[in-house]
1. How much accessible surface does A:Tyr236 have with a 1.4 Å probe, in Å² rounded to 10?
2. Give, rounded to the nearest 20 debye, the magnitude of the charge dipole that segment A:190-297 has about its Cα centre when Lys and Arg contribute +1 at Cβ and Asp and Glu contribute -1 at Cβ.
3. Under 13 Å Cα-Cα from A:Lys122, which aspartates and glutamates qualify once same-chain neighbours fewer than 8 residues away are excluded?
4. Just read off the accessible area of A:Thr22 with the full protein assembly in place, 1.4 Å probe, to the nearest 10 Å².
5. Give A:Lys80/A:Lys261; A:Lys9/A:Lys204; A:Lys149/A:Lys247; A:Lys54/A:Lys80 a once-over and call out the pairs whose C-alpha atoms are over 32 Å from each other.
6. Ignoring solvent entirely, what values of log10 I(q)/I(0) come out of the Debye formula for segment A:1-61 at 0.19 Å⁻¹ when each Cα is a single scatterer?
7. Would you pull out the residues with amide H under 5 Å of A:His66's amide H, same chain only if 5 or more places away, H placed 1.01 Å from N?
8. Could you state how much accessible area A:Arg289 has, in square angstrom rounded to the nearest 10, with a 1.4 Å probe and all protein chains kept in place?
Amino acid sequence: MVQKNSLKKVIVITGPTGVGKTNLAIKISKHFNAEIINADASQMRKRLNIGTAKISIDEMQNVPHHLIDFLEPTESFSIKDYVDRARIIIDGMENIPVIVGGSGLYIQALISTYNLNFQPRKNDSEFDELSNEEVYAILQSIDNEAALKVHYNNRKRVIRYIELAREKNEVEPIEPMPYYDALVIGLTKDRFQLYEAINNRCDKMIKNGWLEEVKSLANDGINMELIKEIGYDDLYKVTKNELTLDKAVNDIKQKTRNYAKRQLTWFRNKMNCEFFEINNSTPEMAIERIKKFLYNK
RNA sequence: GGAGAGGUAGCGAAGUGGCUAAACGCGGUGGACUGUAAAUCCACUCUCUACGAGUUCGAUGGUUCGAAUCCGUCCCUCUCCA
């Protein structure tokens with residue numbers, strides 16, 4: 001059993017999209033002379049700048065940033081890749097690591113001992129001809145316990161559970177435990193205000209040239225269908241005159257709001273967050289809390 | 001002023017005498033989720049003291065054992081003609 005106080009201390013700043021993570025992270029990092037490790041899957045990708053609200057070099061204010069802007073737009077990447085790279089960076093870091101982002105699963109996998117020794121997801125077509133119910137029946141027959149955890153319509157997860165079940169005997173189980181001593185700060189905001197912020201930010205992104213960003217990607221032959229980040233496909237359709245800009249913008253706002261809600265569900269139920277309501281708390285309060293966590297004072 | 005069409009739950013939209021508290025879609029809310037996670041999926045959504053009860057389908061008055069559905073009157077919206 002690893003003693004908790006022997007684990008490396010890390011700060012995590014998470015929260016739904018548009019809540020103001022970046023801003024707070026910079027303030028905190030400057031105060032503690034910390035370094036930021038990005039935990040936002042979308043912001044890892046190069047050239048998806050405006051649409052993912054990626055921090056600019058200026059905004060970084062000389063705070064070192066890691067694992068941001070390093071993947072090709074459609075390059076495949078997984079949680080395991082992320083965890084491996086992030087841990088190398090964090091474990092070798094002299095300064096305080098501040099993990100910032102909204103990809104809950106990535107954060108969870110990074111700060112705890114997720115079992116990532118299984119084979120990655122395959123792209124096999126074994127199940128192509130089968131209905132959801134039929135695929136689910138296969139899972140039931142080989143691992144009924146796993147089957148009870150998914151809905152048969154959640155095809156992606158059902159298939160993944162089949163893959164895991166087939167490997168189960170070859171992979172050593174790992175107890176879920178903390179990997180770092182993490183203080184997880186979850187930023188929240190009144191729902192209505194959060195949605196307004198998302199809407200406004202989306203309008204701003206369009207003004208800042210998001211559509212041009214999309215055009216440039218498409219012009220360079222990037223397969224736009226492989227970009228699953230919210231908005232890119234909608235705007236691509238606008239460039240092809242398949243959708244009006246107005247409609248696209250509305251759809252994007254809608255999808256982003258839905259996404260923020262899903263994130264909140266995750267933070268509430270899957271992560272051990274200390275929530276900071278952004279209207280009722282100041283960066284100074286967060287800094288005080290972090291001081292207490294780091295230096296026990 | 002005349003002729004037509006229509007007013008259904010937050011929105012769009014079915015329903016045209018009992019099986020309707022009212023299909024379906026959207027939105028909203030809650031939830032699941034250990035390898036593409038800005039993904040994938042599920043549930044709930046008139047009200048309440050909630051395995052039961054109470055109020056709904058523009059308003060109002062009727063017909064009927066029974067109406068969102070049939071009839072009268074009124075109000076409002078849209079299109080066309082003046």
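The values are calculated or read from the model by the stated rules, or taken from the named source; none is laboratory data. It should be emphasised that the depicted structure is a prediction, and the values quoted were computed from it without experimental measurement. Please note: Cβ atoms are built from the backbone with ideal geometry, for glycine as well, and neighbour counts cover all protein chains shown. Surface accessibility is based on the protein's heavy atoms, side chains included, excluding ligands, DNA and RNA. Shrake-Rupley method; radii C 1.70, N 1.55, O 1.52, S 1.80 Å.
1. The value for A:Tyr236 is about 60 Å².
2. Rounded to the nearest 20 debye, it is 500 debye.
3. List returned: A:Glu163, A:Glu167.
4. Near enough 60 Å² of accessible area.
5. Over 32 Å Cα-Cα: A:Lys9/A:Lys204; A:Lys149/A:Lys247.
6. -0.80
7. So A:His66 has HN proximity to A:Ile36, A:Ile37, A:Asn38.
8. 60
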